[in-house]
Every structure is written in C-alpha cells, then in structure tokens.
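Data block below; observations after.
Each reported figure results from applying straightforward, stated rules to the coordinates on display, with no laboratory input. None of the values given here were measured: they were computed from a predicted structure. Using ideal geometry, Cβ is built from the backbone for each residue, glycine included, and neighbour counts are taken over all protein chains shown.
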Ligand code: NAP
C-alpha cells in the first residue's frame, strides 16, 4: 500500500499483540475496498492504557480494537459506551467521536453472526457454556439474545459464574421486553461448578467452550473428558481457533455431534469493527468474508501447500512432481491416496460403488489431508472441485493452481488412455468438450491462480507457477 499524508490509522491495543491475526482482516479489507487506511498492533502495558488511549486520540487515530487484558479497564477512558458493551461489561472496539472514543463490543455480534452462518438455532435450546472469563460474557449475552431456554454456566471458579449469571439475569429481566426472545422466563442463566457437569439433566445440549484450555500447543487438552457428557452434545462450538480442530471439538465429533471453531467469530468481530470505522455496511463486506477467512486460516496454519487442480490430462501429476522437486516439498496424488485407502482402483470404485460414493471419499480425503500435511504439492482428481464444499476445503488446504488445457490439447494427451472411466465409449472429443464446459466454472471458483499449459514444457509451467505465486 502507499502511505501518504492522508493515510488513516486503525489498530489494536493489547498485551501481548505479537501473534495477532487482526491485521490480516483489516488490511485486506482496506485493500479490497480501496481505503487509504492501515491497521497496526500496539503493545500497551496495563499501566499505560489511559495515556495510550489519550495519545491515540490526539494523534488522530480513527479507531482501535482492544484485546486481552484491557477489555474492561479501557471503559474508564471512553466518552461513551454502547448499551450492549455496557451490559456485557467489556469493550473491544473504539470508534472516534468529536470528544473522544466510544466503546463497542463486537465479540458478541461476531459470535452471533458466526453461529447463524453455521445454521445453528439457539431459540428454546438448552445451552452449556464452559468458562466464565472475559469472552464468556459475550457468549451468555448472545445466547440470551437468541432466546436460549436455559443456560448452564460452568466454571472452575464458581463465584465468577455466579457474578456473570446474576448480572445477565438482572439485565435481561429488566430489558427482557426489548431484548431476547423467551423473555418471560427470568433467571435463564444457572451458574454451576465445572465439576458438577454430570448434574445437568437435559440431553441435546448446545455447548460453547469458552475456557482457554485446548489452545495450541496443548491441542488435546480439554476441561471435560467424560464421554457420557459428549454423548449428550448436539452442537459444540469452541471459541478457540488455533488449532482449528481442538480436543473439545474432536470429542464432540467422536460422540456424534457437530463441532465448530472460533475462526468465524474472530473474522466477523473484525468485520463489524471495520464497518464502524469506515461506514461500509456489513452486507457489502460479507461477500468478501470467504476470501478473508482463507487468509486467516493460512495465517494460522502456514502449511504452504500447493494444490494443482484441472481437467484430466492437464498434467497435474507430472507438473506436481516437478514442482515438489524444485521446492523440496512432498508430493501427493489424491487419486493414488484414495486408491490405497480404499484398496481398489478409481475405475473399480466408480463401477462398484458409483460416482457419489467416490466424491464423498474425495471430501473426506481433503479433511484428513488438511490436518496432516504441510509443505506438500497435491495433484487432485479432475472432478474434485465439482462439489462446492470441496472448493472451500481445497482453498484452505493450500494455494490452488488451475492447470488449464484446451479441449484439443486434452484430446491429444488422452488418446488411447483406457484408465479414464468418464471418457470410455464413443466420441471422446465431444465428451471432453462437454465435460470441460461443465467443469470450468467449478475450476475457476476453486483457483487462486491459473496457468495455461498448451504447448508448454513441464519446466516452463513450473516456472510460471512459481512466478505467479511470487506476485500474489
Ligand atoms: P479468560 O478471561 O482468561 O478466562 C479463561 C477461562 O478459562 C476462565 O473461565 C478460567 O476459569 C478457565 N480456565 C483456565 N484454566 C483452566 C483450567 N485449568 N481448568 C478449568 N478452567 C480453566 O479468557 P477469555 O478472554 O475469556 O478467553 C477464553 C477463550 O476464548 C480463549 O481461548 C480465547 O482465545 C478465546 N476467544 C476467542 C475469540 C474469538 O474471536 N474466536 C474471542 C475472545 C476469546 P477460572 O475462572 O476458574 O480461572
């Protein structure tokens, strides 16, 4: 970006801030929406928070995020506090006004948008929240707002859960007519000691994991171990996003429930803050959230994988091996991997179990590889990007490169190849044209970049991919 005399500054106050992912969200939004604005993290110690907020205002800083451990203390230094932030008792976003900063809490709304985007409906449900720290208050507020019937708030230190439960029950009984469905029922939040989890009588639980247990590198740790508890969990939502599959999430899935991590919450709280600072509506930014989500994911996982996609015969395996050799990466062909796992050839899987079964195997394969592989070049099956779900997963697995061959070139390369089940029988050229026409939109939506391979040697294609990756 070009920094000039008109560049606006936004940023983050926290301690520590060294590993924050927020710049990925805000600086990408500024790039996409052509805002002359830069986002910078500021490491501010507790004792300096007041002078930092005053100094930021005097320097003309447009807006700030606030993170651990300042979300409560910062409220002392603001000229105004939004009602929701006041009820939650924490501020994570400062917006400049004439007289000073106004404080908002976008964690709550970010979590709400994340929950809704996964199709989770909390109205009339029984919720369990594990943890009663700073983040937990936004979770309780969101669940009350969404009309949860009962919320068990479990914490190791009972007094903290009691304090939050009392504040939230009072707030929602006083404001219940305006905020939150199910307002006829007071004291919906029930504080409990974490070790008393087995006293919860209901099944079909919606559980939010809001403790700090399970954060990388302690990825298998979890505050509750009991399989009997997990058997009652329908939905598990971990606020932690690094690792992307926490020990809590794994336990939920193994017991048959659905599990989600906190990366979308992080994304949406940032996008909402950006909307306050710039006036760009959330709806306008929503369309680019998928792209930013990918950047966040890659910011955490740093797998550096490359994923070659494209039609059969476009050279994914040959180019993939050469690319892996050049980069000193591993190489993996997903078709070969699936054949080894299934113990039969792709043609046999098609013939005996059908295409849908094979496509499902492909989806499961990407999930497995996402957890296991770094520094790998993947050559993927030609039909892999046909499923919308796979498009999203492939783009998370690594940088996706479309190898694009014309129908003529494809025909020339595949002549006489009897191993392609989709091209057996009469008129292979017509089949190639029709299939290419049908598949190209899927390939295009899956590709971070594309390289035309007609009349090019493998070395030329490898060089072009590396050049294009460098200029991304
Ligand atoms: P916090 O204020 O420090 O609270 C930590 C919570 O974890 C407390 O309830 C604490 O219980 C519990 N805890 C810690 N060690 C424990 C142990 N050994 N056994 C049982 N419970 C234990 O942290 P926070 O700000 O609420 O953050 C909680 C989590 O949410 C963090 O992992 C954070 O990364 C995540 N988060 C995610 C987002 C997002 O955008 N996705 C936003 C905010 C926070 P006690 O009260 O008994 O100490």
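Give 166, 202, 174 a once-over and let me know the one that is surrounded by fewer than 17 Cβ atoms within 10 Å (Cβ to Cβ), over 27 Å from the mean Cα position of the chain (by Cα) and touching a residue at least 40 places away in the same chain (Cβ under 8 Å).
Checking each option against the conditions leaves just 202.
Condition first: over 22 Å from the mean Cα position of the chain (by Cα), surrounded by fewer than 23 Cβ atoms within 10 Å (Cβ to Cβ) and within 13 Å of the ligand (Cβ to nearest atom). Now tell me which residues in the stretch 124-159 satisfy that.
133, 156, 157, 158, 159
Inspect the stretch 111-134 for any residue being touching a strand residue (DSSP E or B) at 6+ places or on another chain (Cβ under 7 Å), in contact (Cβ under 8 Å) with a residue 40 or more places away in the chain and within 20 Å of residue 26 (Cβ to Cβ) and give the result as yes or no.
No.
Spot the failing condition for residue 314; the list is (1) crowded, with 19+ Cβ neighbours inside 10 Å; (2) in a helix (DSSP H, G or I), and only one is missed.
Condition (2) is where residue 314 drops out.
Only one residue in 262, 290, 247 is within 16 Å of the ligand (Cβ to nearest atom), in contact with a helix residue (DSSP H, G or I) (Cβ under 8 Å, 6 or more places away or on another chain) and at negative phi, so which one is that?
Every option except 262 fails the conditions.
Looking only at residues in the stretch 216-227 that are surrounded by fewer than 15 Cβ atoms within 10 Å (Cβ to Cβ) and within 16 Å of the ligand (Cβ to nearest atom), which one is farthest from the chain's Cα centre (by Cα)?
Result: 226.
Just to be sure, is residue 257 near the ligand (Cβ under 9 Å from one of its atoms), in contact with a strand residue (DSSP E or B) (Cβ under 8 Å, 6 or more places away or on another chain) and in contact (Cβ under 8 Å) with a residue 24 or more places away in the chain?
Judged against the criteria, residue 257 is not a match.
Just give me the residues in the stretch 65-80 being in contact with a helix residue (DSSP H, G or I) (Cβ under 9 Å, 6 or more places away or on another chain) and more than 16 Å from the ligand (Cβ to nearest atom), in sequence order.
76, 77, 78 - these are the residues of the stretch 65-80 that are in contact with a helix residue (DSSP H, G or I) (Cβ under 9 Å, 6 or more places away or on another chain) and more than 16 Å from the ligand (Cβ to nearest atom).
Being without any contact (Cβ under 8 Å) to a residue 40 or more places away in the chain and either out of contact with any helix residue (DSSP H, G or I) (no Cβ under 8 Å at 6 or more places or on another chain) or assigned to a loop (DSSP other than H, G, I, E, B) (or both) is the filter; apply it to the stretch 98-110 and report the residue that is nearest to the ligand (Cβ to nearest atom).
Result: 105.
Scan 87, 56 and give me the residue that is away from the ligand (no atom under 16 Å from the Cβ), under 16 Å from residue 15 (Cβ atoms) and buried (at least 18 other Cβ atoms within 10 Å of the Cβ).
56
Going through the stretch 20-32 one residue at a time, which ones are under 15 Å from residue 7 (Cα atoms) and out of contact with any helix residue (DSSP H, G or I) (no Cβ under 7 Å at 6 or more places or on another chain)?
Across the stretch 20-32, the qualifying residues are 27, 30, 31.
Looking only at residues that are within 21 Å of residue 139 (Cβ to Cβ) and in a helix (DSSP H, G or I) in the stretch 228-244, which one is farthest from the ligand (Cβ to nearest atom)?
Going through the qualifying residues, I end up with 230.
What number of residues within the stretch 371-417 satisfy the criterion of being in contact with a helix residue (DSSP H, G or I) (Cβ under 9 Å, 6 or more places away or on another chain) and assigned to a loop (DSSP other than H, G, I, E, B)?
13
What number of residues in the stretch 24-37 are closer than 15 Å to residue 61 by Cβ and buried (at least 17 other Cβ atoms within 10 Å of the Cβ)?
Of the residues in the stretch 24-37, 4 are closer than 15 Å to residue 61 by Cβ and buried (at least 17 other Cβ atoms within 10 Å of the Cβ).
For the stretch 293-313, what are the residues that are away from the ligand (no atom under 12 Å from the Cβ) and out of contact with any helix residue (DSSP H, G or I) (no Cβ under 7 Å at 6 or more places or on another chain)?
The answer is 298, 301, 302, 303, 304.
Name the residue, out of 12, 29, that is closer than 30 Å to residue 243 by Cβ and in contact with a strand residue (DSSP E or B) (Cβ under 8 Å, 6 or more places away or on another chain).
Among 12, 29, only 12 is closer than 30 Å to residue 243 by Cβ and in contact with a strand residue (DSSP E or B) (Cβ under 8 Å, 6 or more places away or on another chain).
Let me confirm something: among 234, 193, which residue is surrounded by fewer than 22 Cβ atoms within 10 Å (Cβ to Cβ) and touching a helix residue (DSSP H, G or I) at 6+ places or on another chain (Cβ under 7 Å)?
Of the residues listed, the single one that is surrounded by fewer than 22 Cβ atoms within 10 Å (Cβ to Cβ) and touching a helix residue (DSSP H, G or I) at 6+ places or on another chain (Cβ under 7 Å) is 193.
With the structure loaded, tell me whether residue 283 is more than 16 Å from the ligand (Cβ to nearest atom), part of a loop (DSSP other than H, G, I, E, B) and within 21 Å of the chain's Cα centre (by Cα) or whether it fails that test.
no
Can you tell me which of 465, 461 is part of a helix (DSSP H, G or I), touching a strand residue (DSSP E or B) at 6+ places or on another chain (Cβ under 9 Å) and closer than 22 Å to residue 291 by Cα?
Testing whether each residue is part of a helix (DSSP H, G or I), touching a strand residue (DSSP E or B) at 6+ places or on another chain (Cβ under 9 Å) and closer than 22 Å to residue 291 by Cα leaves just 465.
I need a count of the residues in the stretch 433-462 that are free of Cβ contacts under 8 Å to residues at least 60 places away in the same chain and on the phi < 0 side of the Ramachandran plot.
17
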